[in-house]
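S.K.: Dumping the structure here so I can ask a few things about it.
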Amino acid sequence: MNREQLKLYAVTDRSWLGNETLYEQVEKALKGGATMVQLREKELDEAAFRKEAEELLKLCRNYHVPFIVNDNVELAKSIGADGVHIGQSDMELTRAREMLGQDAIIGVTAKTVEQAKAAETGGADYLGSGAVFGSSTKLDAKPMDHALLQEICESVHIPVVAIGGITGENVMKLTGRGMAGVAAVSGIFACPDIEAGTRKLRERVEQILEP
């Protein structure tokens, strides 16, 4: 994994499928410039989750973009996903690394400097920090002060991705905070035109990231 792959991290959500499949929507995001994809499924049963994951893994391979599974380390291992993203209450980082090996990408949610440093020490490849603008998908998510986001970025050597309510309209407010990229859910998948919305967001992310 390199920092470039974290510029625009698309995190899936089925809330805006309408008449489309998730596969179709993810492909639009990839065409628009998403640099990494995370499959996040809280409601699907294991069989449906696996089928979706296998299909999206093939799609991401076609676009040469890393494919990450949220939470489910066992599934990620069994299908050969590029990695996983785990929260503070999910599987232990050391156990996930043991299962997936040194080449897997493992991201960890970090909402404090202490959590960030612990994740780095534990071998995480990147951090996800937020919710920088609240969240449309996690209603209990409290907005993170942007100064704290910057403090987290400066406290570790591994890349940090900002997440939480990020859209093409508000992303410029994160200028100068030091993150490697942004992760978006509704900022991509709630767009009436997902490909165009992703492209617009990618262009603005490119503007705010430090060279």
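S.K.: Give me the number: length gained by fully extending Ala147 to Ala118, i.e. 0.36 nm times residue separation minus the C-alpha to C-alpha distance, one decimal in nm.
M.R.: 8.5 nm
S.K.: Under the definition of Cα pairs under 8 Å and six or more residues apart, what whole-number percent is the relative contact order of the chain? Walk me through the numbers on the way to the answer.
M.R.: Working: 411 pairs, mean separation 46.4, N = 211.
Relative contact order, the chain: 22 percent.
S.K.: Give me the one-decimal nm value for the distance between modelled label points at His64 and Tyr23, 7 Å along each residue's Cα-to-Cβ direction.
M.R.: Between His64 and Tyr23, the simple spin-label model gives 2.4 nm.
S.K.: Match the structure shown to one of the listed values (1) 187; (2) 110; (3) 179 of volume of the Cα convex hull per residue in Å³, computed from it, and give that label.
M.R.: Among (1) 187; (2) 110; (3) 179, the one derived from this structure is (2).
S.K.: Still on this model: Carbon and sulfur atoms: what percent of the 1.4 Å accessible area of the stretch 65-162 do they account for?
M.R.: 48 percent
S.K.: On to the next question. Please give the peptides 114-121, 22-29, 5-12 ranked by average Cβ packing (other Cβ atoms within 10 Å per residue), highest first, as a rough proxy for protection.
M.R.: By packing density, highest mean first, the sequence is 5-12, 22-29, 114-121.
S.K.: If you put +1 on each Lys and Arg Cβ and -1 on each Asp and Glu Cβ, how big is the dipole of the stretch 4-144 around its Cα centre, in Debye rounded to 20?
M.R.: 340 debye
S.K.: Using a probe radius of 1.4 Å on heavy atoms only, what accessible surface per residue do you get for the chain? Whole Å² is fine.
M.R.: 47 Å²
S.K.: With both bridge residues required to lie in the chain, what share of the DSSP beta bridges run antiparallel, to the nearest 5%?
M.R.: 0 percent
S.K.: Label Lys31 and Arg3 with points 7 Å out from Cα along Cα→Cβ: what is the distance between them in nm?
M.R.: With each label point 7 Å from Cα toward Cβ, the separation is 3.2 nm.
The values are calculated or read from the model by the stated rules, or taken from the named source; none is laboratory data. Computed from a predicted structure; not experimentally measured. With ideal geometry, Cβ positions are generated from the backbone for all residues, glycine too; neighbour counts draw on all protein chains shown. We work out accessible area using only protein heavy atoms, side chains counted, and drop any ligands, DNA or RNA first. Shrake-Rupley method; radii C 1.70, N 1.55, O 1.52, S 1.80 Å.
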